[in-house]
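**Student:** Structure in structure tokens, see below.
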Ligand code: AMP
Ligand code: GLY
């Protein structure tokens with residue numbers, strides 16, 4: 001089969017790696033891809049929002065399956081555009097991707113179907129939001145409704161901060177149109193766990209739990225980022241938590257979407273908080289997490305193409321979804337200054353050290369070939385260094401060892417990814 005992956009980050013590199021292990025694969029393409037993905041796939045210079053060009057390419061090149069990694073094209077309706085031309089594509093349609101695309105929608109869905117989440121109100125104008133703050137409890141959480149590169153959430157300690165937050169989201173449009181509506185919700189405390197799942201509209205099968213590290217600095221300090229590293233599985237995702245989530249969250253979400261006429265096919269990423277009152281949903285994503293995909297997909301034993309096809313055909317119940325009984329840790333190597341400002345174009349050396357190293361992966365998040373054919377940095381997050389191990393501790397040790405194998409100017413990483421493992 002000919003397969004096209006849409007996206008060009010560490011997540012798409014991990015998807016390409018999983019697809020490249022499929023016995024069904026003839027030729028793999030990735031649009032736009034990056035310098036690491038180029039080892040596995042032919043990279044095509046079309047950006048993920050150019051739906052017409054992507055559809056045209058898929059028809060010309062007889063693509064049998066397209067897998068969409070990123071949120072923007074999914075929320076924008078890329079799946080509908082492919083399906084309208086009779087092409088097979090993995091991911092939720094626009095009507096279902098709204099689960100991630102609108103926080104107000106997802107909160108209303110959870111309320112309507114009794115799925116545990118933080119108490120909240122939705123607002124479509126600043127005046128009402130400000131009035132609500134008069135009698136609210138602090139700290140409080142403000143969320144821009146739409147996609148905001150993972151940055152649209154403000155945790156406000158005081159009323160003054162929250163007032164400023166409402167102005168910046170709804171009036172100054174700090175997150176653009178994402179802030180046309182907003183959610184104000186109760187501040188919760190507890191450990192966070194991410195759970196990735198495949199969903200075929202009816203059946204849901206879990207991949208694995210993982211724990212992200214969103215802040216830029218050690219000890220969870222500094223600004224929120226797309227993710228600085230993670231580990232999987234999470235030792236805090238116990239059998240008890242799993243049972244609760246099956247009873248109250250997973251199947252209920254899938255059934256709720258179908259009930260609403262928004263059948264969901266693809267990946268649902270559940271962002272959970274384990275509160276004193278039990279697990280609650282912080283957010284849904286309609287795609288693989290990044291870097292979550294980089295610790296989960298390397299352990300997938302089932303043929304990735306078979307899984308994607310079963311999702312598209314509504315036959316996930318017939319798939320035996322298997323993962324290696326191993327742990328994995330990913331440490332992101334970023335450019336100093338991420339997520340605010342950073343330099344690009346720095347040569348990356350040492351990549352050959354990952355050749356033929358079983359259980360080690362160097363996923364490229366932001367890299368490209370320069371005019372001389374050298375691989376250089378091309379983003380805030382540059383590489384995701386993943387290692388597998390029999391235990392989380394072993395995986396963490398190996399991942400940190402492997403971070404030393406590559407170099408580039410201004411290389412920056414957190415040194416405490418997986419510190420929570422010691423507390424488990
Ligand atoms: P989200 O994009 O909704 O996952 O929010 C980003 C981050 O903000 C989460 O990973 C949490 O760390 C934090 N957060 C979001 N909602 C809440 C909440 N209701 N209470 C406490 N922290 C939250
Ligand atoms: N790592 C968090 C996300 O992909 O949304």
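**Student:** Please specify each residue of the range 80-92 satisfying the condition of being in contact (Cβ under 8 Å) with a residue 60 or more places away in the chain, surrounded by 22 or more Cβ atoms within 10 Å (Cβ to Cβ) and over 15 Å from the mean Cα position of the chain (by Cα).
**Tutor:** Within the range 80-92, the first condition is being in contact (Cβ under 8 Å) with a residue 60 or more places away in the chain, and the residues that meet it are 88-92.
Next, only the ones that are surrounded by 22 or more Cβ atoms within 10 Å (Cβ to Cβ) stay: 89-92.
Once the filter is applied, which keeps residues that are in contact (Cβ under 8 Å) with a residue 60 or more places away in the chain, surrounded by 22 or more Cβ atoms within 10 Å (Cβ to Cβ) and over 15 Å from the mean Cα position of the chain (by Cα), the range 80-92 yields 89, 90.
**Student:** Being surrounded by 15 or more Cβ atoms within 10 Å (Cβ to Cβ) and within 16 Å of ligand 2 (Cβ to nearest atom) is the requirement here; does residue 133 meet it? Quick ask: steps written out before the conclusion?
**Tutor:** Details: surrounded by 15 or more Cβ atoms within 10 Å (Cβ to Cβ): yes; within 16 Å of ligand 2 (Cβ to nearest atom): no.
It is false that residue 133 is surrounded by 15 or more Cβ atoms within 10 Å (Cβ to Cβ) and within 16 Å of ligand 2 (Cβ to nearest atom).
**Student:** Out of curiosity, is residue 46 more than 26 Å from residue 355 (Cβ to Cβ), modelled with pLDDT of 95 or more, touching a strand residue (DSSP E or B) at 6+ places or on another chain (Cβ under 9 Å) and more than 16 Å from ligand 2 (Cβ to nearest atom)?
**Tutor:** Details: more than 26 Å from residue 355 (Cβ to Cβ): yes; modelled with pLDDT of 95 or more: yes; touching a strand residue (DSSP E or B) at 6+ places or on another chain (Cβ under 9 Å): yes; more than 16 Å from ligand 2 (Cβ to nearest atom): yes.
It is true that residue 46 is more than 26 Å from residue 355 (Cβ to Cβ), modelled with pLDDT of 95 or more, touching a strand residue (DSSP E or B) at 6+ places or on another chain (Cβ under 9 Å) and more than 16 Å from ligand 2 (Cβ to nearest atom).
**Student:** Of the conditions (1) at pLDDT 95 or above; (2) in contact with a strand residue (DSSP E or B) (Cβ under 7 Å, 6 or more places away or on another chain); (3) farther than 22 Å from residue 342 by Cα, residue 413 fails just one. Which one is it?
**Tutor:** Failing condition for residue 413: (3).
**Student:** Among the residues of the range 3-28, which ones are in a strand (DSSP E or B) and touching a helix residue (DSSP H, G or I) at 6+ places or on another chain (Cβ under 9 Å)?
**Tutor:** Hits for the range 3-28 are 3, 4, 5, 6, 7, 28.
**Student:** Which residue, of 31, 35, is part of a loop (DSSP other than H, G, I, E, B) and away from ligand 2 (no atom under 16 Å from the Cβ)?
**Tutor:** Being part of a loop (DSSP other than H, G, I, E, B) and away from ligand 2 (no atom under 16 Å from the Cβ) holds for just one of 31, 35, which is 35.
**Student:** Additional query: I need the full set of residues from the range 210-247 which are more than 16 Å from ligand 1 (Cβ to nearest atom) and surrounded by fewer than 18 Cβ atoms within 10 Å (Cβ to Cβ), in order please.
**Tutor:** 218, 235, 238, 239, 240, 242, 243, 244, 246, 247
**Student:** Taking residue 289, is it in contact (Cβ under 8 Å) with a residue 40 or more places away in the chain, within 16 Å of ligand 2 (Cβ to nearest atom) and in a loop (DSSP other than H, G, I, E, B)?
**Tutor:** yes
**Student:** I've got another one for you. If residue 283 passes every condition in (1) in a strand (DSSP E or B); (2) more than 14 Å from ligand 2 (Cβ to nearest atom); (3) closer than 15 Å to residue 97 by Cβ but one, which one does it miss?
**Tutor:** Evaluating residue 283 over (1) in a strand (DSSP E or B); (2) more than 14 Å from ligand 2 (Cβ to nearest atom); (3) closer than 15 Å to residue 97 by Cβ leaves (2) as the failure.
**Student:** Within the bounds of the range 201-210, is there any residue that is touching a helix residue (DSSP H, G or I) at 6+ places or on another chain (Cβ under 9 Å) and within 12 Å of ligand 2 (Cβ to nearest atom)?
**Tutor:** For the range 201-210, residues touching a helix residue (DSSP H, G or I) at 6+ places or on another chain (Cβ under 9 Å) and within 12 Å of ligand 2 (Cβ to nearest atom): present.
The values are calculated or read from the model by the stated rules, or taken from the named source; none is laboratory data. Quick caveat, the model's predicted, so the values are computed rather than measured. FYI the Cβ positions are ideal-geometry reconstructions off the backbone, even for glycines, and counts take in every protein chain you see.
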